[in-house]
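In what follows, a single structure is set out as structure tokens and then discussed.
Every number in this text was worked out from the coordinates using simple rules, so none of it is lab data. Please read all numbers here as calculations on a predicted model, not as lab measurements. All Cβ positions, glycine included, derive from the backbone under ideal geometry; neighbour counts span all protein chains shown.
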Amino acid sequence: MRREMDFVDAGDVELKETVVKINRSAKVMKGGRRFGFSALVVLGDGNGTVGLGFGKAREVPPAVEKAVSDGRKNLTRVQLKGTTLPHPYTARFRSSVVKLLPAAPGTGLVAGSAVRAVLEAAGVTDCLTKALGSKNPMNLAKATYEGLLAMRTRREVAARRGVEL
């Protein structure tokens with residue numbers, strides 16, 4: 001369930017970037033192996049704005065720079081309910097599944113590293129999560145990002161259905 005994303009201008013928010021995963025790939029050439037790197041980076045202001053970027057290059061720093069640039073293009077606002085999520089949601093990306101459950105204030109963030117990075121960047125501090133299926137950090141981060149984009153507040157749901165609360 002995708003919604004029309006309301007993209008955020010990266011110039012007006014203070015962003016914190018977190019490198020989720022760096023992959024190394026090798027290509028065998030006549031003179032030996034040539035290595036390439038890909039980086040997945042999460043950007044967020046910790047207040048409902050989050051972006052996910054992916055970049056590839058021959059060396060790590062340019063790959064991270066490209067990922068940050070890509071993440072700035074994908075910045076979106078996500079719906080939060082205080083310090084937690086508005087409702088439970090099960091998000092999928094390829095063979096990774098992430099269950100996102102709202103939690104009471106003071107619970108903290110119970111999540112693995114990839115899921116935690118995305119939720120922290122979005123500003124979620126109280127949430128329970130469970131990763132199922134593939135534990136690939138890239139797929140888990142993308143599933144979490146998709147899950148955050150699918151969150152709706154009660155007001156949005158009521159307006160969409162045409163009913164009053």
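Over segment 123-165, the pair-distance histogram of Cα-Cα distances with 10 Å bins from zero comes to 21, 38, 26, 14, 1 percent, rounded to whole numbers.
Near the amide H of Ser134, within less than 5 Å, lie the amide hydrogens of Ser96, Val97, all on another chain or at least 5 residues away, with H placed in the peptide plane. Every Cα-Cα pair of the chain was included, and the share exceeding 21 Å stands at 49 percent.
Taking R0 as 22 Å, what's the FRET efficiency between Ser134 and Glu14 from their Cβ-Cβ distance, rounded to 0.05?
Values: r = 33 Å, r/R0 = 1.52.
It comes out at approximately 0.05.
When each of the peptides 36-46, 22-32 is scored by the mean number of other C-beta atoms lying within 10 Å of its residues, the order from highest to lowest reads 36-46, 22-32.
What does the charge count around Arg33 come to, taking other residues whose C-beta lies under 15 Å from its C-beta (Lys +1, Arg +1, Asp -1, Glu -1)?
Details: positive: Arg24, Lys27, Lys30, Arg34, Arg58; negative: Glu59.
Summing Lys and Arg as +1 and Asp and Glu as -1 gives +4.
Once the gyration tensor of the Cα atoms in segment 58-121 is diagonalised, the equivalent ellipsoid follows with semi-axes of 27, 14, 13 Å, ordered largest first. With 27 Å as the limit on Cα-Cα distance, the pairs of Lys21/Lys99; Lys66/Lys130; Lys30/Lys142 that go past it are Lys66/Lys130; Lys30/Lys142. The shape of segment 73-165 can be summarised by an equivalent ellipsoid whose semi-axes, obtained from the alpha carbon gyration tensor, come to 22, 15, 12 Å from longest to shortest.
Which value, in nm² and rounded to one decimal, describes the direction-averaged projected area of the C-alpha convex hull of segment 10-76? List each step's numbers first, then the result.
On the way: hull surface 17.8 nm².
Projected over every direction and averaged, the Cα hull of segment 10-76 covers 4.5 nm².
Here the gap between Ala26 and Lys99, fully extended at 0.36 nm per residue and compared with their Cα-Cα distance, gives a gain of 22.9 nm. Only one residue of Gly162, Ala114, Gly31 has its Cα farthest out toward the positive end of the dipole of segment 15-165, where Lys and Arg carry +1 and Asp and Glu -1 on Cβ, and that residue is Gly31. Estimated from helical segments only, the mean residue ellipticity of the chain at 222 nm is -8500 deg cm²/dmol, where each DSSP H run of four or more residues counts as -39500 (n - 2.57).
Can you tally the net charge around Arg58? Count Lys and Arg as +1, Asp and Glu as -1, for every other residue whose Cβ sits under 13 Å from the Cβ of Arg58.
Details: positive: Arg24, Lys27, Arg33, Arg34, Lys56, Lys66; negative: Glu59, Glu65.
The answer is +4.
Pairs of alpha-carbon atoms within less than 8 angstrom and 6+ residues apart define the contacts here; what relative contact order does the chain have, in percent? Show your work: numbers first, answer last.
Details: 388 pairs, mean separation 36.4, N = 165.
Computed value for the chain: 22 percent relative contact order.
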